[in-house]
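The values are calculated or read from the model by the stated rules, or taken from the named source; none is laboratory data. This one's a predicted model, so the numbers in the text were calculated from it and none came from an experiment. All Cβ positions, glycine included, derive from the backbone under ideal geometry; neighbour counts span all protein chains shown.
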Amino acid sequence: MIRALYFYFNKDPIATMELKVDSIDAQKGVQEGVIIRDEALQSAESAGNLTFVINNRERVMRGSAVAQIIDSAAAAQVQKELEKTNENLSDTQAKRSEFSPFYADSQNLNNEIKALIENDMYKYMGADVSSLSDLRSAVGNKLAQKNEMLSRENSESLKDIIESKFRYESELGKYIKNIYAGSSGLISYNTDGLENVFKIAGMTALTPQQILMKPDKIINRAGAAVSPGDPLFKVVASNRWYIAAYIDETLLIADETPPRQLEQGDVKKIYFTDDASASEESVVYYIGGDNLKPKSRLVIFELTRDILDYIDARNIKFRLNSAVRKGFKLPNTAIVARVAVKVPSDFVEDGFVYKAGQKTEKISLSTLPAPEAGYTYAIFDLSSLRAGDKIIIPESDKTDAFEINERDFIQLNGVYRANSGIARFCSVNMEDAVSSGGYTILSEELNPRLAPHDIIVVDSVNISENQILR
């Protein structure tokens, strides 16, 4: 006896917590979708090194130069000769400029070039260099005017140099292939190989297997060597984009009160899982796919904002409702499954049943109302009662007995509540429950047996019914 008391008072206390109403970022109902854009892929027609002449994600007009493919090996020597010629031309012009009949006109052009740069200098101080191509074009035009003017000067040496310059530039052009935008839109250097799989024209026929397709890799060929047929860039022609996903029809609820089934044309807010605060308002473009996957529908959402944030993404995870869920917050370890048996209520007396045998055994248990009138769920340790055992009503004829049948057993989810220091099982309704990060939120409305400030055992796995806690 003394030994038992010693171990009881020296064992680690069982951890408990006070039940509170709280919230978690729930992961229930996360959908996997695919992004579809109005995009066109541009591929290489020749081999060489790829150089972009505009910024990534810059908007271009149809026919605008986007990139160049340069045959570097062939162009290297010509480029070297051209640089020497430009230096020679610059030196010659500087030495005799004041004696040139075009001196005043040359100075005016120099001043115009200087003004072009200085007047808009503030534009180029940040990271946005999108206006540099306009500046480059304007300055290039002025320099071309100056060189063309000086080429008319009656100077054999100057004329020979300028003719050499034009010859090298023409030769260099043979080794540089300009790539032009086939349509107007936003340029993206990144391609994933699925641009021709996911097209707006055929998106209502997407299968569940296609929705789950993922790119092998994202390719950015800027500055790299390319071969004919290699994808170079894509042009996204519209800010309108789409998310397609197969979704359980029970989740297709409109954002209205009272709730109703989601329909084509409804406005629906969707929440992206990569950013708990990110959401977008969409329009339901299409609902179909009845024969492709039971109880699921192919749903296509149309969005018109933030295309730049998703211009390079193909797969996306999202929810149809807010991630934040509120209710009774419990650690997952507090919720445990226990076996109960359905017995007639008359056979339960003050939290006990009496098992018949050579000697009547009094068994302590917890009770819960059973759906069937006149019956009670009895929760107890499995070693106490088994199928085939009989229970009796105390101080009555023992022939009036109830035999426990295998079909009378049921599994219930619950927690151990210990408000009085004694662990008693309390069943919980897991409907509409959500779990995340090791915690579960239970609906307050569906769990009226629980209340704020209840004392709950934190880890219920090894807890016994009516166990005394300390």
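Can you tell me which residue within the stretch 286-302, out of those that are assigned to a loop (DSSP other than H, G, I, E, B) and either over 21 Å from Lys268 (Cα atoms) or among the polar types (S, T, N, Q) (or both), is modelled with the highest pLDDT? Explain how you work it out, then say what you get.
Quick first cut of the stretch 286-302, residues assigned to a loop (DSSP other than H, G, I, E, B) only: 289-295.
Filter again for either over 21 Å from Lys268 (Cα atoms) or among the polar types (S, T, N, Q) (or both), leaving 291-294.
Numbers: Asn291: 51, Leu292: 50, Lys293: 50, Pro294: 58.
Once the filter is applied, the top-ranked residue is Pro294.
Residue-by-condition table, conditions (1) of a type outside the set (Gly, Ala, Ser); (2) in contact with a Gly (Cβ under 8 Å, 6 or more places away or on another chain); (3) modelled with pLDDT of 95 or more:
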{"position": "Leu5", "(1), (2), (3)": "yes, no, no"}
{"position": "Phe9", "(1), (2), (3)": "yes, no, no"}
{"position": "Leu19", "(1), (2), (3)": "yes, no, no"}
{"position": "Asp25", "(1), (2), (3)": "yes, yes, no"}
{"position": "Ile35", "(1), (2), (3)": "yes, no, yes"}
{"position": "Ser43", "(1), (2), (3)": "no, yes, no"}
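Quick one: in the stretch 303-332, which of the residues that are in contact with a Ser or Thr (Cβ under 7 Å, 6 or more places away or on another chain) and more than 30 Å from Gly265 (Cβ to Cβ) is surrounded by the most Cβ atoms within 10 Å (Cβ to Cβ)?
Looking at the filtered set, the residue picked out is Leu330.
For the stretch 226-273, name all the residues that are at pLDDT 90 or above and more than 25 Å from the chain's Cα centre (by Cα).
Once the filter is applied, which keeps residues that are at pLDDT 90 or above and more than 25 Å from the chain's Cα centre (by Cα), the stretch 226-273 yields Val226, Ser227, Pro228, Gly229, Asp230, Pro231, Leu232.
Considering only residues that are surrounded by 14 or more Cβ atoms within 10 Å (Cβ to Cβ), small (Gly, Ala, Ser) and at pLDDT 80 or above, look in the stretch 384-415 and name the one that is nearest to Thr360 (Cα to Cα).
Going through the qualifying residues, I end up with Ala401.
Applying the selection to the stretch 335-351, what residues are over 21 Å from Asn413 (Cα atoms) and part of a loop (DSSP other than H, G, I, E, B)?
Across the stretch 335-351, the qualifying residues are Val348, Asp350.
Please work out which residue is surrounded by the most Cβ atoms within 10 Å (Cβ to Cβ), limiting yourself to the stretch 22-65 and to residues that are in a loop (DSSP other than H, G, I, E, B) and of a type in the set (Val, Ile, Thr).
For the stretch 22-65, the residue satisfying everything is Ile54.
Can you tell me which of Arg325, Arg338, Arg305 is modelled with pLDDT under 90 and either touching a Lys or Arg at 6+ places or on another chain (Cβ under 9 Å) or within 20 Å of Thr250 (Cα to Cα) (or both)?
Unique residue meeting the criteria: Arg325.
Based on this model, can you work out whether Ser435 counts as in the same structural domain as Ser364 (by TED's automatic domain parsing), of a type in the set (S, T, N, Q), surrounded by 15 or more Cβ atoms within 10 Å (Cβ to Cβ) and at pLDDT below 85?
Spelling it out, Ser435 is indeed in the same structural domain as Ser364 (by TED's automatic domain parsing), of a type in the set (S, T, N, Q), surrounded by 15 or more Cβ atoms within 10 Å (Cβ to Cβ) and at pLDDT below 85.
Out of all the residues in the stretch 399-437, which are over 37 Å from the mean Cα position of the chain (by Cα), of a type in the set (S, T, N, Q) and over 14 Å from Val341 (Cβ atoms)?
Scanning the stretch 399-437 gives Thr399, Asn419, Ser420.
Which of the residues that make up the stretch 416-425 are crowded, with 16+ Cβ neighbours inside 10 Å and in a strand (DSSP E or B)?
Those that are crowded, with 16+ Cβ neighbours inside 10 Å and in a strand (DSSP E or B): Tyr416, Arg417, Arg424, Phe425.
Results for (1) within 30 Å of Ala15 (Cβ to Cβ); (2) in a helix (DSSP H, G or I); (3) hydroxyl-bearing (Ser, Thr, Tyr), shown as yes or no for each residue.
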| residue | (1), (2), (3) |
| --- | --- |
| Phe318 | no, no, no |
| Leu330 | yes, no, no |
| Thr333 | yes, yes, yes |
| Val353 | no, no, no |
| Lys362 | no, no, no |
| Ala373 | no, no, no |
| Thr376 | no, no, yes |
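Pairs, please: C-beta under 7 Å, at least 6 apart or cross-chain, first residue crowded, with 17+ Cβ neighbours inside 10 Å and in the stretch 347-376, second charged (D, E, K, R) and not in a strand (DSSP E or B)?
Filtered contacts from the stretch 347-376: Lys355/Asp389; Leu365/Glu465; Ser366/Glu465.
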